[in-house]
Amino acid sequence: MNAIDAAFERLKIGKKKAFIPFIAAGDPDIESTKELAKTLAKNGASIIEIGFPYSDPIADGPVIQAAYTRALNKGLKIEHILKAIAEVSQDLEKEKILVPFVAMVSMSIIHRFGKDKFIEGCLKAGFSGLIIPDLPVEESLEIAKDLKKSGLSLILLVTPNTPKERALLILSACSGFVYCVSVSGITGERDKIPEELLKNLAWLREQTPLPLCVGFGISKPEHAKVLRDHADGVIVGSAIVKHIETAEKAGLPAVKTAIANLAESLVSALNS
Amino acid sequence: MNAKLQSIPDAMGRFGLFGGRYVPETLIEALNELTTEYEKACKDEAFQQEFHRYLNEYVGRPSRLYFAERLTKEAGGAKILLKREDLNHTGAHKINNSIGQALLAKRMGKKRIIAETGAGQHGVATATACALFNFPCRVYMGEEDIRRQKLNVFKMQAMGAEVCPVTTGSRTLRDAVNEAMRDWMSTVGDTHYIIGSAVGPHPFPWIVRDFQSVIGKESREQCIAQTGKLPKVVVASVGGGSNAAGMFFPFIHDKDVEIVGVEAGGRGPKPGGNAATLSHGAPGILHGAFSYVLQDTDGQTADVHSVSAGLDYPGVGPEHSYWKDSGRVKYTNVNDEEALAGFDLCSKLEGILPALETAHAVVEAMRIASKLTKDDVVVVCFSGRGDKDCYEIARVTGESLE
């Protein structure tokens, strides 16, 4: 069984919701990424998304874009990320901590690096799935086949302006979980959970047995509290990356404490 | 070979292998809506008439096809004819597309327009169309370009557009495109994004090419009327490739017409030293389309350089990639130094200041003309006037206009 499917099975049995944090690889540096991933894994993360920095990330807001720029300016390469995640995966396995990794990566990168080489690299590193935010379902058929063969999940996005018929097509090609985008727009923190989102979640729930996880704008325990009755998990990116942003000044230990606290408050809001 | 070349993108938005849509799900519906509306507009005679009425009455079309006698004599071979897009209102070909897309936005009931700009020509053209059709307009422009193109910033603001500085990445055109796409992701319901070149996700490359095709259509008719035959060679500069796509497309099926695109050779072939995407790049994905792109081995977009801000772009329109791989169009490049010399020569011999983009095409056209006979004709897309580049040329040549 794919590790993401297994993770949701465990959550279901424990009647719990998924907390899925996102960090940008190589921010502030690749050694810290390993530390931060372990911190999140030990503080309630159900799955961890690893962002592959890209020079032109059009779906991302200023916080994640800045993190990508910081990482690339230090000369981060794909090979560094794959090596780092392989090491973290091994360390966590030794400690019997089961937290699957998902790669968030632009199709620009996969194409140039080489699709087959990239998939093989992800498998070796211990990734369990891919999110390719700039690959719409129509363009995803080819890579979907390859991923299926490799046992990797392909997590697709459904947005508030996705028509129902199209959403069904996306659901049929999606595996692991459905990434439900909370609002039309880019990643980043937002104040409120839109009413429309809850309706969409209810509709999606009737269409698919896949877990539904909500991302874009989720930053506070209050958001998690609202969503726990409507979704199977939340994805938190910018709010975490914002803490990491302070690493240069505040130092890594302070950042680790801050994201551990944020993780704990979100996990308890999701499951209390 | 030519008979088999595709004229419109297939159901997946591709010209051969190139094009498609590599954008976030949030934009797909807007792109579908745009495709449907554009298909309708193509068949709607009233829409086409309105577009051409504005091109004639407002832009000042048809632009002249001018026999450049002294450049011809200097080259010493074929006749050189200049398609004078510099004489359009706003001084470049960009206005053809901005007017067309603004009319399309009106047709779709959109309430607001956004655009990106590099050197500012497309920003000015879009600000112009927005003033004309009463749209609120926001133009994204890299901080670095704002510094280099103050006059164009002033023009856009004078026409009521808001110029939004982009401070991310390289702070140039490519980051302005990213920022405009991000805006569009959040405002897609009521906003239309007028992209300035034949790039981006389907259907943009197709729409931009079509609105710019008036250049090639007029040139073809004028050339036959003035010389009694088709040109031997057609030449245009290629950054993203909108003036070239518009010039080339109507000649694509004329199998005896040679077509040459001219990219920015910059300081030379080393990575980072040029913007000659088709000469030095490889197929990849940038700004929503699969096309040739200048990237490193990890897929990160490379830094580019050209003395011409309008050619300074690491990608190129997908249809150009298609034409390149099919062998229909030959792509070459002209470096900074040659382009500056071309600016000088054209100004002194013809009394016409070319934009630096245009100077690239003029240089290549003279090279080609020199190898042909006086019975042959070379048509050059004279895409824009050089006023906007005077400050930059003065800076590069060590003069000061302050």
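The values are calculated or read from the model by the stated rules, or taken from the named source; none is laboratory data. Because the structure is a prediction, the values reported are computed rather than measured. Cβ atoms come from the backbone with ideal geometry, glycine included; neighbour counts cover every protein chain shown. Protein only, heavy atoms only, side chains kept; ligands, DNA and RNA dropped before computing areas. Shrake-Rupley method; radii C 1.70, N 1.55, O 1.52, S 1.80 Å.
In order along region A:199-210, the phi-based Karplus estimate (6.51 cos²θ - 1.76 cosθ + 1.60, θ = phi - 60°) of 3J(HN,Hα) comes to 5, 4, 4, 4, 5, 4, 4, 6, 8, 9, x, 5 Hz; Gly and Pro are listed as x. Taking Cα centre as origin and charging only the Cβ of basic (Lys, Arg, +1) and acidic (Asp, Glu, -1) residues, the dipole magnitude of region B:155-297 rounds to 360 debye.
The phi-based Karplus calculation (6.51 cos²θ - 1.76 cosθ + 1.60; θ = phi - 60°) puts the 3J(HN,Hα) values of region B:129-139 at 4, 5, 5, 4, 9, 6, 9, x, 9, 10, 10 Hz, whole numbers, x for Gly and Pro. Applying Stokes-Einstein at 37 °C and 0.692 mPa s to the Kirkwood radius of region B:199-276, computed over alpha-carbon pairs, gives a translational diffusion coefficient of 241 µm² s⁻¹.
Counting protein heavy atoms only, region A:144-272 has 53 percent of its accessible area on carbon and sulfur, 1.4 angstrom probe. Specify the inter-centroid distance of region A:46-86 and region B:192-223, based on alpha-carbon positions, in whole Å. With region A:46-86 and region B:192-223 each reduced to a Cα centre, they are spaced 36 Å. The dipole here belongs to the protein assembly as shown: it is taken about the Cα centre, uses +1 on the Cβ of Lys and Arg and -1 on the Cβ of Asp and Glu, and is about 560 debye.
Using DSSP loop states and a limit of at most 15 other Cβ atoms within 10 Å to flag trypsin sites (Lys or Arg not before Pro), what is the longest stretch of chain A containing no flagged site? Walk me through the numbers before you get to the answer.
Values: sites that count: A:K15, A:K74, A:K96, A:K192.
It works out to A:97-191.
For region A:123-261, what is the convex hull volume of its Cα atoms per residue in Å³?
Numbers: hull volume 18.4 nm³, N = 139.
For region A:123-261, the hull spanned by Cα atoms encloses 133 Å³ per residue.
All Cα-Cα distances of chain B, cut into 10 Å bins from zero to the largest, leave 5, 25, 36, 25, 7, 0 percent in each bin in turn. Diffusion coefficient (Stokes-Einstein, Kirkwood radius over C-alpha pairs, 20 °C, 1.002 mPa s) for the protein assembly as shown: 82 µm²/s, rounded to a whole number.
Considered as an equivalent ellipsoid built on the Cα gyration tensor, region B:140-207 has semi-axes of 21, 14, 12 Å, the largest given first. Computed about its Cα centre, the charge dipole of chain B is approximately 780 debye, with only Lys, Arg, Asp and Glu carrying charge at their Cβ. Note on region B:269-299 and region B:88-116: Cα centroid distance 28 Å, given to the nearest whole angstrom.
By its C-alpha gyration tensor, with a ≥ b ≥ c as the square roots of the eigenvalues, how is region B:40-144 shaped: rounded for a/c under 1.5, else prolate for a/b larger than b/c, else oblate?
Cα axes put region B:40-144 in the oblate bin.
Dipole of the protein assembly as shown computed with +1 at Lys/Arg Cβ and -1 at Asp/Glu Cβ about the Cα centre; of B:T72, A:L36, B:S383, farthest Cα towards the positive end is A:L36. Once you divide the Cα radius of gyration of region A:1-142 by 2.2 N^0.38 Å, the number left is 1.03. Picking from B:T191, B:H360, A:A231, whose Cα lies most toward the positive end of the charge dipole for the protein assembly as shown (charges on Cβ: Lys, Arg +1; Asp, Glu -1)? Looking along the dipole axis, the top candidate is A:A231. Taking every DSSP helix (H) stretch of at least 4 residues in chain B, weighting each as -39,500 (n - 2.57) and dividing the sum by the residue count yields a mean residue ellipticity at 222 nm of -13000 deg cm²/dmol. At the listed q of 0.19 Å⁻¹, the Debye profile of region A:190-272, built from one uniform point per Cα, gives log10 I(q)/I(0) equal to -0.83. Taking one quarter of the surface of the convex hull spanned by the alpha-carbon atoms of region A:52-124 gives a direction-averaged projected area of 5.4 nm².
As a quick test, which of the pairs B:K110/B:K150; A:K16/A:K96; A:K74/A:K96; A:K38/A:K149; A:K145/A:K199 have an alpha carbon distance above 27 angstrom in this structure? Numbers along the way, then the final one.
On the way: B:K110/B:K150 29 Å; A:K16/A:K96 19 Å; A:K74/A:K96 32 Å; A:K38/A:K149 29 Å; A:K145/A:K199 32 Å.
Flagged as over cut-off: B:K110/B:K150; A:K74/A:K96; A:K38/A:K149; A:K145/A:K199.
Take the Cα atoms of region B:176-308, build their convex hull, and give its volume per residue in Å³. Could you put the intermediate results ahead of the total?
On the way: hull volume 17.4 nm³, N = 133.
Roughly 131 Å³ of hull volume per residue.
Solvent-free Debye calculation, one equal scatterer per alpha-carbon of region A:230-271: log10 I(q)/I(0) at 0.17, 0.22 Å⁻¹ equals -0.49, -0.72.
Here region A:17-90 has an Rg and Dmax of 12.1, 37 Å, counting Cα atoms alone. Note on region B:326-402: Rg/Rh from Cα positions, Kirkwood definition for Rh, rounded to two decimals, is 1.03.
Note on the protein assembly as shown: dipole from Cβ charges, positive end direction compared against B:V235, A:S128, B:A245; the farthest Cα belongs to A:S128.
What the Cα atoms of chain A give is an Rg and a Dmax of 17.0, 49 Å. Here the Debye sum runs over all C-alpha atoms of region B:231-369 as equal scatterers in vacuum, and log10 of I(q)/I(0) at q = 0.11, 0.16, 0.17, 0.22 Å⁻¹ comes out as -0.37, -0.77, -0.86, -1.31.
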